[in-house]
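Everything on this sheet refers to the single structure shown next.
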Amino acid sequence: MKTYEQINDRIESGKAVVLTADEIMDYVDKKGLKAAAKEVDVVTTATFGPMCSSGCFLNFGHSKPKIRMSEAWVADVLVYTGLAAVDVYLGCTQLRHGDPANMYPPGEFRYGGGHVMEDLVAGKTLQLFALSYGTDCYPLREIRTYFSIQDLNQAIMVNPRNCYQNYNVAINRSDRTIFTYMGRLEPDQKNANYCSAGQLSPLLNDPFYETIGVGTRVWLAGAHGHVYAEGTQHAGGGARTPDGLPMGGAGTLALTGDMKQMKKEFVRGVSFSGYGVSLALGNPGRRRDDRSRLVVFLP
Amino acid sequence: MNDDSVTKKLMFYFPKCECDKPIIYHLVKDYHLIVNVFRAKVTPEEEGYLVLDVTGTEEAIQRAIDFVKTFNVTVNYSGKGVVRDEERCAQCGYCVPYCPSGALKIEDRATRKVAYNESECIECLACIRICPFGACTSAF
Ligand code: SF4
Ligand code: SF4
């Protein structure tokens, strides 16, 4: 058995043997569990998929004269302004203003908060439009300006419900097509949609949260991030298989990371016809050169 | 058809549609090609697009293409009426059960990579509506 110190030393000195959770399966099959545990120092896990609770806090800095934004839109997507003067919160499932939604079902939902986040990370120039009621200290009542992520003081991603430990497969036993957050489901169980990173998944590889918890450093969409709390709807106490695998959704993680450091290939707006918009988010655990610290230590 | 006949998927683009000319008729009648049209469109600006399979000898197909080119037509040999942006595709696999021709399919069961073979695409456009990442688009 290795200690954290020994493993961290090997990481620092560049000697650590790092495999993805995908690769370790084959490795154990070939070499056996004992030898693999001895040789391999770090196993990285990863997810990529729609994370509907994704959002971000943006700080714009002050205009001259100053404004205390009370309503605001980024690229015509409504953002929340019930915060300090020029902080806003942008949520990934917010639709663009004027989107016909499901008025002519199934709607296309072409652009929303998730796409704004993708455009931000990609460095695109976006419009901010904000209104205010005006105060003695913040007299400006309206602003329309253009910015990119470099112009912001902070762009901090928050995901209060990420990395679901396990998840249902969705099927449709009715006789009509339905449009859901698990995608389009055809009648009579003609298709089945699921969302899990399977053997790569972080919490399936750590069923009892022994190595991943509050404070764990993660590689979030290419940036350094953290687990800052248990995720919303975290319910680790439910039914388990004899091996300890949860039979329901079970655990979730609340993650945060600096959006300015993220890579655009891992931050992607998605549109589910008939349902809405979201953000697909990942970390590059599949890469061989990955040095992710989201680790599962072997016994 | 001869044994040496081949099938090619082609896309024709007519900058100014010569809609009054029976081009397909000539492909069949004069060049003895078997023609299977997947999709055709004339825009309000009178541009024309046509995606089709032609079956015949290499030589007959070449002569037919030379004939078509006399109408100021751009011929796209890879027949890409439906394009997949490889960078936008997230390999999610959602489109696979919707693709009736098998042009989009899981290529490798281990990596679950989704391959797109455009020569098998029958231009039904199902993937364009279904792809959550906006990876599939139509050239017209
Ligand atoms: S649905 Fe779109 S992103 Fe997913 S595999 Fe198909 S083309 Fe790629
Ligand atoms: S247009 Fe239709 S046939 Fe072509 S790739 Fe898309 S789903 Fe398949």
Considering residues that are in a loop (DSSP other than H, G, I, E, B) and within 13 Å of ligand 1 (Cβ to nearest atom), the number found within region B:109-120 is 3
Can you tell which of B:Glu107, B:Glu59, B:Glu118 is touching a residue at least 40 places away in the same chain (Cβ under 8 Å), away from every other protein chain (no Cβ under 14 Å) and either within 13 Å of ligand 2 (Cβ to nearest atom) or of a type in the set (D, E, K, R) (or both)?
B:Glu118
For residues that are away from chain B (no Cβ under 14 Å), open to solvent by 10 Å² or more (accessible area, probe 1.4 Å) and of a type outside the set (S, T, N, Q), scanning just region A:256-273, find the one that is nearest to B:Ala90 (Cα to Cα).
A:Met262
Residue check: is A:Met51 modelled with pLDDT under 95, closer than 30 Å to A:Pro202 by Cα and open to solvent by less than 60 Å² (accessible area, probe 1.4 Å)?
yes
For region B:9-24, name all the residues that are of a type outside the set (A, V, I, L, M, F, W, C) and open to solvent by 20 Å² or more (accessible area, probe 1.4 Å).
B:Tyr13, B:Pro15, B:Lys16, B:Glu18, B:Asp20, B:Lys21, B:Pro22
Exactly one of A:Leu140, A:Leu185 is touching a residue at least 12 places away in the same chain (Cβ under 8 Å) and open to solvent by less than 30 Å² (accessible area, probe 1.4 Å), and that residue is A:Leu185
Test for B:Val83: is it within 14 Å of ligand 2 (Cβ to nearest atom) and β-branched (Val, Ile, Thr):
yes
Can you tell which of A:Arg173, A:Arg161, A:Arg144 is among the basic types (Lys, Arg) and in a loop (DSSP other than H, G, I, E, B)?
A:Arg173
How many residues does region B:25-36 contain that are within 21 Å of B:Val82 (Cβ to Cβ) and open to solvent by less than 70 Å² (accessible area, probe 1.4 Å)?
1
Hey, does region A:277-286 have a residue that's in contact with a Leu (Cβ under 8 Å, 6 or more places away or on another chain), modelled with pLDDT of 95 or more and in a loop (DSSP other than H, G, I, E, B)?
no
Would it be correct to say that A:Asp22 is at pLDDT 90 or above and either within 14 Å of another protein chain (Cβ to nearest Cβ) or under 30 Å from A:Asp136 (Cα atoms) (or both)?
no
Condition check: of a type outside the set (D, E, K, R), crowded, with 19+ Cβ neighbours inside 10 Å and at positive phi. Does A:Ala197 satisfy that?
no
How many residues does region B:121-140 hold that are near ligand 2 (Cβ under 10 Å from one of its atoms), in a loop (DSSP other than H, G, I, E, B) and open to solvent by 20 Å² or more (accessible area, probe 1.4 Å)?
4
Given the criteria touching a helix residue (DSSP H, G or I) at 6+ places or on another chain (Cβ under 8 Å) and more than 30 Å from B:Cys131 (Cβ to Cβ), does A:His224 qualify?
yes
I'd like the residue in region B:76-100 that is under 30 Å from B:Val28 (Cβ atoms) and loosely packed, with under 14 Cβ neighbours inside 10 Å and, out of all such residues, is farthest from the other protein chains (Cβ to nearest Cβ).
B:Tyr77
Of the residues B:Ile65, B:Ile122, only one is outside the structural domain of B:Lys41 (by TED's automatic domain parsing) and over 30 Å from A:Ala21 (Cβ atoms); which?
B:Ile122
How do the pairs read when you match residues in region B:21-43 that are farther than 20 Å from B:Val6 by Cβ with residues anywhere that are open to solvent by 70 Å² or more (accessible area, probe 1.4 Å), using Cβ under 8 Å and keeping only pairs 6 or more apart or on different chains?
B:Val42/B:Cys19
Could you list all residues from region B:86-104 that are closer than 20 Å to A:Ser196 by Cβ and near ligand 1 (Cβ under 9 Å from one of its atoms)?
B:Cys89, B:Ala90, B:Gln91, B:Cys92, B:Gly93, B:Tyr94, B:Cys95, B:Val96
Suppose we keep only residues that are among the basic types (Lys, Arg) and open to solvent by 60 Å² or more (accessible area, probe 1.4 Å) within region A:61-109. Which one would you say is nearest to A:Cys137 (Cα to Cα)?
A:Lys66
In region A:226-255, how many are open to solvent by 10 Å² or more (accessible area, probe 1.4 Å) and not in a strand (DSSP E or B)?
16
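The values are calculated or read from the model by the stated rules, or taken from the named source; none is laboratory data. Fair warning: this is a prediction, and the values are worked out from it, not measured in the lab. Note that each Cβ is placed from the backbone with ideal geometry, even for glycine, and that neighbours are counted across all protein chains shown. Note: areas computed on protein heavy atoms with side chains; ligands, DNA, RNA excluded. Shrake-Rupley method; radii C 1.70, N 1.55, O 1.52, S 1.80 Å.
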